[in-house]
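Participant: Once you've had a glance at the structure underneath, I'll fire off some questions.
The values are calculated or read from the model by the stated rules, or taken from the named source; none is laboratory data. Fair warning: this is a prediction, and the values are worked out from it, not measured in the lab. Here the Cβ positions follow ideal geometry from the backbone for every residue, glycine too, while neighbour counts run over all protein chains shown.
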Protein chains: 2
Amino acid sequence: MTQSNAAPSFILVHPQLGENIGAAARVMANFGLADLVLVAPRDEWPNPKAVSMAVGSPVLDNARLVDDLTAGVGGFTRLYATTARPRGMEKPVMTAREGMADVRAAIAAGEKVGVLFGGEKGGLLNDAVALADVIITLPVDRSFSSLNLGQAVGIAAYEWMAEEGAPAVFDPVSDVASRFDLEGMFEHFEAELERAGFFYPPDKTPLMVQNLRTAFVRGRWTTQEVRTFRGCVKALAMGRGKARTLRDK
Amino acid sequence: MTQSNAAPSFILVHPQLGENIGAAARVMANFGLADLVLVAPRDEWPNPKAVSMAVGSPVLDNARLVDDLTAGVGGFTRLYATTARPRGMEKPVMTAREGMADVRAAIAAGEKVGVLFGGEKGGLLNDAVALADVIITLPVDRSFSSLNLGQAVGIAAYEWMAEEGAPAVFDPVSDVASRFDLEGMFEHFEAELERAGFFYPPDKTPLMVQNLRTAFVRGRWTTQEVRTFRGCVKALAMGRGKARTLRDK
């Protein structure tokens, strides 16, 4: 089964406790959401504690299990990352309310939307946040900020339902590249940069990769743009004049 | 201890599961609420499952245990009843959002506010709803309407915090690169693509350049991102391993 196009999918990245997965599935059904993606949950699946907490929610029965983040986000064209803090990345930061209004507008414009939630231990890692178009923060009290995963899902789901009727203001890019395409482009680009010796010093590589990905994601490239850029990388990586030489043979 | 006058108290009427009481105490602290009243919980008190789920929330430590509804609501001047359905009573019915805005206004006017939540088995009984000034309903899907008690508390608590001014509309990209910087980046990139022999056939070059520039402009890159990307282009254009070789000399 694939995600519905009429509502966002919720993607739990490395969730740990079956109880929270079940609670998420229950509250998603409470608020009219159907598609739950589980990226490499810690415990065995199916998880009896998730079943118990879901109290019969069809969302749990239909949950899609995937092995890694790339598989989890691959089918979407627009991603939202829920985090407790903005992370200092150059991305739009929205409240849950604004974020869900934006989700609704994006879906109306034909986007396939996924909302990412991190695991219990520390939320989303920066590599996942870097893939998102928008950051959604929840207004937690700084002195007691650790929000339960099921509660975070509940609030986002509630805002999805509560936002019904919010105006749709969204300037769509047509044919936005899927995350599979984008991931392929990133890996290609980064592999050539690595070969060229661009990443230096080595311990800065993850941060440089993250910053590059953030910059590219913000542009919301089309599949054609992704193809074109990969052509650029290929030509550059061959060295000056090589592409022409090859073609002229 | 008595309820704070600056924020509403939450009153759980005949709650059953310690887990839900603990979850309520945790999420109240997440959203800046301090005063929890427990009207005759089913199980013994203190409840170890509540302690476990509260993960150290001070709200649980300070929870006030009372024997009956009258004692629970006695200290308040204005009460809100959360229910899944309006009950046909002649009272104002508000959404959680409207309800929490109303709570805030009431507190500003000097009222002592309590928000009532029913137990797991069937929510608030009519006698409790009858005591309320206002009914707050949550927009649950009728086909799967049973909302977990902890989630109901979480959404009300979230709305309390979210109502506190709604700032942070859109965090704009800081330090967007000037068009001079961007033009410099384009010319650099395109010159290396030209050298590499990327542009082919020649009469398509202007269109390809235009499409590439369009894609980059949409991302609204910062000066730092422009610098980083120029570094990438430089490294790639030197050919595989050259940047590393240069650096190691």
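Participant: Considering the stretch B:213-230 alone, what residues qualify as being closer than 20 Å to A:Glu190 by Cβ and in contact (Cβ under 8 Å) with a residue 24 or more places away in the chain? So that I can check it myself, show each step before the final result.
Facilitator: Within the stretch B:213-230, the first condition is being closer than 20 Å to A:Glu190 by Cβ, and the residues that meet it are B:215-216, B:219, B:221-222, B:224-230.
Residues satisfying the conditions are B:Phe216, B:Trp221, B:Thr222, B:Gln224, B:Glu225, B:Val226, B:Phe229, B:Arg230.
Participant: Does the stretch A:127-159 hold any residues that are within 14 Å of A:Thr82 (Cβ to Cβ) and away from chain B (no Cβ under 14 Å), and which are they?
Facilitator: A:Ala128, A:Leu131
Participant: When the residues of the stretch B:215-235 are narrowed to those that are assigned to a helix (DSSP H, G or I) and among the polar types (S, T, N, Q), which ends up farthest from the other protein chains (Cβ to nearest Cβ)?
Facilitator: Our first condition is that a residue be assigned to a helix (DSSP H, G or I); within the stretch B:215-235, this holds for B:215-218, B:223-235.
Filter once more, so that each one left must be among the polar types (S, T, N, Q): B:223-224, B:228.
Numbers: B:Thr223: 11, B:Gln224: 8, B:Thr228: 6 Å.
It comes out as B:Thr223.
Participant: Can you pull out every residue in the stretch B:89-109 that is farther than 24 Å from A:Glu163 by Cβ and without any contact (Cβ under 8 Å) to a residue 12 or more places away in the chain? Spell out how you get there, then give the answer.
Facilitator: Just the residues of the stretch B:89-109 that are farther than 24 Å from A:Glu163 by Cβ, to begin with: B:89-91, B:106-109.
Answer for the stretch B:89-109, where residues must be farther than 24 Å from A:Glu163 by Cβ and without any contact (Cβ under 8 Å) to a residue 12 or more places away in the chain: B:Glu90, B:Ala108, B:Ala109.
Participant: Test each condition in (1) at pLDDT 95 or above; (2) farther than 27 Å from A:Glu187 by Cβ; (3) crowded, with 22+ Cβ neighbours inside 10 Å; (4) in contact with an Asp or Glu (Cβ under 6 Å, 6 or more places away or on another chain) for A:Ser9 and report the one that comes out false.
Facilitator: Among (1) at pLDDT 95 or above; (2) farther than 27 Å from A:Glu187 by Cβ; (3) crowded, with 22+ Cβ neighbours inside 10 Å; (4) in contact with an Asp or Glu (Cβ under 6 Å, 6 or more places away or on another chain), the lone unmet condition for A:Ser9 is (2).
Participant: A:Ala157 - would you say it is out of contact with any Cys (no Cβ under 7 Å at 6 or more places or on another chain) and closer than 18 Å to B:Ala215 by Cβ? Working first, answer last.
Facilitator: Numbers: out of contact with any Cys (no Cβ under 7 Å at 6 or more places or on another chain): yes; closer than 18 Å to B:Ala215 by Cβ: no.
No: the conditions fail for A:Ala157.
Participant: Can you work out which of the residues in the stretch A:134-165 that are touching a Ser or Thr at 6+ places or on another chain (Cβ under 7 Å) and β-branched (Val, Ile, Thr) is surrounded by the fewest Cβ atoms within 10 Å (Cβ to Cβ)?
Facilitator: Checking each candidate, the answer is A:Thr137.
Participant: Before we move on, is A:Pro86 farther than 24 Å from A:Arg179 by Cα and either surrounded by fewer than 21 Cβ atoms within 10 Å (Cβ to Cβ) or without any contact (Cβ under 8 Å) to a residue 12 or more places away in the chain (or both)? Break it down into steps so the answer makes sense when it comes.
Facilitator: On the way: farther than 24 Å from A:Arg179 by Cα: no; either surrounded by fewer than 21 Cβ atoms within 10 Å (Cβ to Cβ) or without any contact (Cβ under 8 Å) to a residue 12 or more places away in the chain (or both): yes.
No: the conditions fail for A:Pro86.
Participant: If you don't mind, there's one more thing I want to ask. Consider B:Ala34 against the criteria (1) touching a Ser or Thr at 6+ places or on another chain (Cβ under 6 Å); (2) part of a strand (DSSP E or B): it satisfies all of them except one. Which criterion is unmet?
Facilitator: (2)
Participant: Just checking, does the stretch B:28-42 include any residue being in contact with a Gly (Cβ under 6 Å, 6 or more places away or on another chain) and not hydrophobic (A, V, I, L, M, F, W, C)? First the steps, then the outcome.
Facilitator: Filtering the stretch B:28-42 for residues in contact with a Gly (Cβ under 6 Å, 6 or more places away or on another chain) gives B:37, B:39.
Okay, now just the ones that are also not hydrophobic (A, V, I, L, M, F, W, C), so none.
Scanning the stretch B:28-42 turns up no residue that is in contact with a Gly (Cβ under 6 Å, 6 or more places away or on another chain) and not hydrophobic (A, V, I, L, M, F, W, C).
Participant: Here's another thing I want to ask about it. So, in the stretch A:56-81, of the ones that are among the small types (Gly, Ala, Ser) and assigned to a loop (DSSP other than H, G, I, E, B), which residue ends up farthest from A:Ala105 (Cα to Cα)?
Facilitator: Looking at residues that are among the small types (Gly, Ala, Ser) and assigned to a loop (DSSP other than H, G, I, E, B), I get A:Gly56.
Participant: What helices (runs of 4 or more DSSP H) lie completely within the stretch B:103-198 and have 2 or more residues being closer than 20 Å to B:Val93 by Cα, out of contact with any helix residue (DSSP H, G or I) (no Cβ under 9 Å at 6 or more places or on another chain) and at pLDDT 90 or above? So that I can check it myself, show each step before the final result.
Facilitator: On the way: elements: B:126-131, B:149-162, B:179-196.
Passing ranges: none, list empty.
Participant: Okay, moving on. So is B:Leu124 touching an Asp or Glu at 6+ places or on another chain (Cβ under 6 Å), within 15 Å of B:Val39 (Cβ to Cβ) and either surrounded by fewer than 18 Cβ atoms within 10 Å (Cβ to Cβ) or in the same structural domain as B:Pro15 (by TED's automatic domain parsing) (or both) or not? Give the steps one after another, and end with the answer.
Facilitator: On the way: touching an Asp or Glu at 6+ places or on another chain (Cβ under 6 Å): no; within 15 Å of B:Val39 (Cβ to Cβ): yes; either surrounded by fewer than 18 Cβ atoms within 10 Å (Cβ to Cβ) or in the same structural domain as B:Pro15 (by TED's automatic domain parsing) (or both): yes.
So B:Leu124 fails the test.
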